[in-house]
Amino acid sequence: EKMLYDNAQLVGLYTEAWQLTRLPEYARVVSETIAWLERALGAPGGAFCASLDADSEGTEGKFYLWTRAELDQLLPPERAALVAEHFGISVDGNFEPGLSVPRCVVRAEELAKRHRRPRDEIEQELAEARKVLFAAREERVPPGRDEKILAGWNGLAIGALARAARAFGHP
């Protein structure tokens, strides 16, 4: 399940973490989470809906799960291997047999060291791969959305968005 209140708190926490560390990964997480909130939970009139279901097509997490074979089909071999290493996507899977939930298990900085390549190059490849995977995922049947507009949860989101806007200089 993807809850508005969880993601609002993540925006706030990653904004604070970025303010303390200035790590670009934290800024990227804030930006991508805000974009996701607007795209997935945005409602007419500027409010946010409550949540997305965990299930898609009757299977928990199906919309978000990947196999190593899918990476190999969508990406060039070297990029597929890099993405699999970064996100922990394996033939065995990390969720159920053969199915993986992408999560950062090896940061770009470490990948750059391991592969003896510049960090910006690694980050660029990962960014390009994320776009390809996002486009492929958008072809899947999405999870259902709870259309309720809850004032308290929207308040959390508005507060987090305001703090992020101030921190990153985006009015």
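Things worth noting here:
- Neighbour counts of other Cβ atoms within 10 Å put Ser56, Ser31 in the fewest-to-most order Ser31, Ser56.
- Mean separation of Cα contacts under 8 Å (6+ apart) over length of the range 57-171, as relative contact order %: 22
- Cut-off 15 Å between beta-carbons: net charge of the residues surrounding Leu74, Lys and Arg +1, Asp and Glu -1: -1
- Of the trypsin sites (Lys or Arg not before Pro) found in the range 1-60, the ones in coil according to DSSP and having at most 11 other Cβ atoms within 10 Å of their Cβ are Arg22.
- Hydrodynamic radius (Kirkwood) for the range 31-171, which is based on Cα pairs only, to one decimal in Å: 17.1
- Proximal lysines to Lys62, defined as alpha-carbon separation beneath 19 angstrom and excluding residues fewer than eight positions away on the same chain: Lys2, Lys131
- Computed on the range 1-126, with alpha-carbon pairs under 8 angstrom and 6+ residues apart, the relative contact order is 17 percent.
- Ranking of Trp66, Trp18 by count of other Cβ atoms within 10 Å, fewest first: Trp18, Trp66
Every number here is computed from the coordinates shown, using simple stated rules; none is lab data. Note that the coordinates shown come from a computational prediction; the quantities given were computed from them, not determined experimentally. All Cβ positions, even for glycine, are placed from backbone atoms using ideal geometry, and neighbour counts span all protein chains on display.
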